[in-house]
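Structure first, commentary second.
The values are calculated or read from the model by the stated rules, or taken from the named source; none is laboratory data. Small disclaimer: the values here were computed from a predicted structure and weren't measured. Methodologically, a virtual Cβ is constructed for each residue, glycine included, from the backbone with ideal geometry; neighbour enumeration extends over all protein chains shown.
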Amino acid sequence: MRTARWLVPALLIVGWLALGAFGGPFAGKLSGIAENDAASFLPESAESTRVAELERRFADTEAIPAIVVAERASGITGGDREFLAAKGSEIARWDATTPGSPPIPSRDGEALQLIVPITGEPGDVVERMRQTLGENRPGGLSVYVTGPAAQVADLSEAFGGLDGLLLLVAGAVVAVILVLVYRSPLLPLLVLLSSIFALALASLLVYVLADAGAITLNGQSQGILFILVFGAATDYALLLVSRYREELRTTGDRFAAMRTAWRATIEPIAASAGTVILGVLCLLFSDLASNQGLGPVAAIGIAASVLASVTFLPAVLVVFGRAAYWPFRPVEGSSPPESGGLWGRVAKRVDKAPRVVWVVTALVLLAGAAFVPQLKAGGTSQADIFLDPVESVSGQEVLSRHFPGGSGSPAVVIAEASRADAVLMASDVPGVSRAESTGTQGGLVRIEALLSDPADSDPAIATVERLRDSVHAVEGANAQVGGPTAQQLDTRTTSQRDRAVIIPIVLVVVFAVLALLLRALLAPLLLIATVVLSFGATMGVSALVFNNVLDFPGADPAVPLFAFVFLVALGIDYNIFLMTRVREETLSVGTREGTLRGLTVTGGVITSAGVVLAATFSALAVLPILFLAQLAFIVAFGVLLDTLVVRSLLVPALTIDIGRKVWWPSRLARREG
């Protein structure tokens with residue numbers, strides 16, 4: 001029997017070591033299969049998607065244009081033209097390119113542009129182009145590679161250092177926090193090892209599914225996966241570690257202590273993980289391929305985190321026993337430090353005037369939420385995606401100074417060939433520099449409309465809207481408008497639709513989980529209301545910071561949706577951790593005393609978990625991408641707000657003020673005490 005008690009933990013540890021060794025390398029392989037081109041973000045049902053499908057009839061290959069722009073302030077010379085023509089001919093002979101345009105001079109004589117269709121991997125080809133164009137360049141001539149292909153290449157490069165840098169930053173932050181919280185050199189290593197094994201399992205599963213085409217993976221999803229696994233695995237670990245330490249004070253048997261701790265924490269951990277998994281899977285209702293891909297990727301990450309936290313971590317903690325907490329080992333019979341510490345004092349303050357506490361707290365949160373209308377989430381230009389200077393943005397600025405802003409990225413109109421002349425006439429709308437037919441195929445005509453403004457700008461998007469209205473009105477043409485600008489417009493429109501559809505679904509799912517867990521209806525409604533209020537305050541504060549401190553140009557329309565899914569799903573976690581303990585205590589001592597005990601005992605571990613999760617999400621800010629920097633701030637601030645204010649003050653105060661009725665309609669609502 002004694003041997004069997006050691007056999008199970010030993011087998012679990014060996015199994016996870018083997019899994020970690022096999023699955024670990026796949027974390028570094030994810031970048032190789034991530035798709036960062038525009039197609040990975042396209043709305044599946046959008047007009048621009050249908051145009052992209054129809055365009056395949058006009059060409060055997062799907063080429064992405066790169067634009068080479070050369071500038072000399074004193075005027076382009078004959079040598080400049082010869083240089084660019086020679087380089088263009090050389091590049092056109094590569095396997096991953098097709099012949100494009102000859103060098104096209106600008107009207108002011110200060111610039112040349114060369115359009116190169118790329119059929120291979122944009123990142124590799126653009127990098128080679130930039131190296132080639134840098135060789136033997138005439139003095140005083142500035143040369144840039146820009147356009148859609150260059151934007152994809154720069155985006156891929158921005159995500160290129162994701163594997164090592166992000167993991168290093170997240171791991172270091174978690175280690176420092178754990179050392180400060182537990183003042184033990186060994187325990188943080190065990191928790192980090194659990195997180196690393198969870199990431200290895202998640203990376204393996206995501207790689208296999210993405211490589212098989214079952215799910216879509218891009219750089220954003222990959223970064224969120226790494227952070228989510230580290231944060232969630234550490235959160236679940238902290239809950240178990242804290243409860244195990246608590247049980248070691250009541251018994252000398254490490255196995256009995258773990259058995260009690262595991263049984264006490266498995267329900268809130270499972271409920272928490274289930275809430276997050278179901279919440280992120282709601283992204284499957286999105287019409288954006290990138291959002292649909294993130295749902296399963298994040299769900300796999302959370303599932304792997306739970307599995308490591310409830311199998312490997314209990315096994316390794318049992319092996320080390322009290323030594324895991326060295327030098328502050330829990331002694332059997334010792335009193336828990338929580339009762340007389342900070343959270344004991346917070347509980348007394350809440351108990352003294354619960355109604356005052358929750359009213360004041362709610363008013364503060366409402367004040368923050370009042371600034372939500374200032375959040376500029378209508379979308380940004382492609383140039384604003386990057387926080388660091390990149391060549392595709394610099395080149396686009398040069399291109400816009402000397403050529404029509406939409407050069408190389410025209411709007412594309414596909415219509416019935418029999419109505420080509422009428423569609424061409426309808427394409428002459430304000431903002432279109434010129435429109436011309438580029439060929440017919442299978443009864444369809446393809447028309448390119450060159451935009452006057454940069455293809456990723458708001459004026460260009462307005463032009464595409466006018467163009468669509470105009471060509472749609474041509475009777476019998478069945479005209480549809482696509483191209484890069486139309487893709488950006490459709491992505492914005494779809495993001496707004498997704499918010500209206502997915503947010504209510506998330507709320508229903510979270511309510512169902514809470515109702516089943518707490519066996520009540522009123523408590524789940526209150527918990528959801530507090531988290532939604534916290535979300536509103538977070539977005540209001542974020543708007544102030546983005547507009548007045550960080551001076552961001554705006555936000556992607558998907559930012560509020562992602563923020564809501566993660567903040568509600570993750571924020572409700574801490575309420576789950578608190579209220580499951582409150583319910584457990586209420587069964588023996590009543591609602592009021594149970595709430596105070598629950599707050600006192602869980603205060604330290606939940607706060608530590610919140611700080612860890614906020615810190616790990618903050619690590620996303622090391623990637624120079626606007627969307628991820630904004631998501632990092634929103635989730636980090638929101639998690640801290642949930643942890644320090646909502647769970648510590650608002651929820652306990654409301655629960656005490658309402659009393660036993662909070663458990664309605666369960667039996668607890670009718671119990672005295």
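Elements of the type strands (runs of 3 or more DSSP E) sitting completely within the stretch 344-455 and holding at least 3 residues that are buried (at least 19 other Cβ atoms within 10 Å of the Cβ): these cover 411-416, 444-451. The set of residues in the stretch 243-291 that are polar (S, T, N, Q), surrounded by fewer than 19 Cβ atoms within 10 Å (Cβ to Cβ) and modelled with pLDDT under 90 comprises T250, T251.
Checked across the stretch 208-222, the condition of being at pLDDT 90 or above and not small (G, A, S) holds for at least one residue. Annotation note: Cβ proximity below 7 Å between a residue of the stretch 549-575 that is over 18 Å from S618 (Cβ atoms) and at pLDDT 80 or above and a residue that is surrounded by fewer than 24 Cβ atoms within 10 Å (Cβ to Cβ) and among the hydroxyl-bearing types (S, T, Y) (sequence gap 6+ or interchain) occurs for P553/T380; G554/T380; D556/T380. No other residue among A621, A629 is in contact (Cβ under 8 Å) with a residue 24 or more places away in the chain, part of a helix (DSSP H, G or I) and closer than 30 Å to L155 by Cβ apart from A629. Restricting L489, L525 to those that are in a helix (DSSP H, G or I) and within 30 Å of G147 (Cβ to Cβ) reduces the list to L489. Looking across the stretch 159-185 at every residue that is within 23 Å of I606 (Cβ to Cβ) and part of a loop (DSSP other than H, G, I, E, B), the one that is modelled with the highest pLDDT is identified as S184.
L514 - would you say it is aliphatic (A, V, I, L, M), at pLDDT below 90 and outside any loop (DSSP other than H, G, I, E, B)? For L514, the condition - aliphatic (A, V, I, L, M), at pLDDT below 90 and outside any loop (DSSP other than H, G, I, E, B) - is met. Output yes when any residue across the stretch 227-234 is surrounded by fewer than 23 Cβ atoms within 10 Å (Cβ to Cβ) and under 30 Å from A515 (Cα atoms), and no when none is. The answer is no; no qualifying residue exists.
Within the stretch 499-526, residues that are free of Cβ contacts under 8 Å to residues at least 40 places away in the same chain sit with their Cβ atoms under 9 Å from residues that are surrounded by fewer than 19 Cβ atoms within 10 Å (Cβ to Cβ) and of a type outside the set (A, V, I, L, M), at 6+ positions apart or across chains, in these pairs: P524/F511; L525/F511.
Across the stretch 64-112, the qualifying residues are those that are more than 13 Å from V143 (Cβ to Cβ), aliphatic (A, V, I, L, M) and touching a Gly at 6+ places or on another chain (Cβ under 9 Å), and the one among them that is modelled with the lowest pLDDT is I64. Could you check the stretch 615-645 and list, in sequence order, the residues that are over 15 Å from I224 (Cβ atoms), modelled with pLDDT under 90 and of a type in the set (V, I, T)? If the condition is that a residue be over 15 Å from I224 (Cβ atoms), modelled with pLDDT under 90 and of a type in the set (V, I, T), then T643 is the only one that fits.
Screening the candidates T538, T530 for the property of being under 19 Å from the mean Cα position of the chain (by Cα), among the hydroxyl-bearing types (S, T, Y) and at negative phi yields one hit, T538. Screening A315 with (1) surrounded by fewer than 24 Cβ atoms within 10 Å (Cβ to Cβ); (2) without any contact (Cβ under 8 Å) to a residue 24 or more places away in the chain gives one miss only, at (2). Do we have P327 as more than 34 Å from the chain's Cα centre (by Cα) and buried (at least 16 other Cβ atoms within 10 Å of the Cβ) here? When the stated conditions are applied, P327 does not pass them. Looking at the structure I just gave you, is A669 of a type outside the set (S, T, Y) and either modelled with pLDDT of 85 or more or in contact with a strand residue (DSSP E or B) (Cβ under 6 Å, 6 or more places away or on another chain) (or both)? No. Looking at T61, is it at pLDDT below 90, among the polar types (S, T, N, Q) and touching a strand residue (DSSP E or B) at 6+ places or on another chain (Cβ under 6 Å)? No: the conditions fail for T61. Only residues that are within 16 Å of the chain's Cα centre (by Cα) and not in a helix (DSSP H, G or I) were counted across the stretch 541-580, and they come to 3.
Yes or no, residue by residue, for (1) outside the structural domain of I224 (by TED's automatic domain parsing); (2) more than 22 Å from the chain's Cα centre (by Cα); (3) surrounded by fewer than 19 Cβ atoms within 10 Å (Cβ to Cβ):
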{"position": "A172", "(1), (2), (3)": "yes, no, yes"}
{"position": "V176", "(1), (2), (3)": "yes, yes, yes"}
{"position": "L190", "(1), (2), (3)": "no, yes, no"}
{"position": "S194", "(1), (2), (3)": "no, yes, no"}
{"position": "A198", "(1), (2), (3)": "no, no, no"}
{"position": "Y207", "(1), (2), (3)": "no, no, no"}
{"position": "D211", "(1), (2), (3)": "no, no, yes"}
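Pairing residues of the stretch 21-34 that are within 11 Å of F197 (Cβ to Cβ) and in contact (Cβ under 8 Å) with a residue 40 or more places away in the chain with residues that are crowded, with 20+ Cβ neighbours inside 10 Å and not small (G, A, S), at Cβ distances under 7 Å and at least 6 apart in sequence or on separate chains, gives G23/L201; G23/L204.
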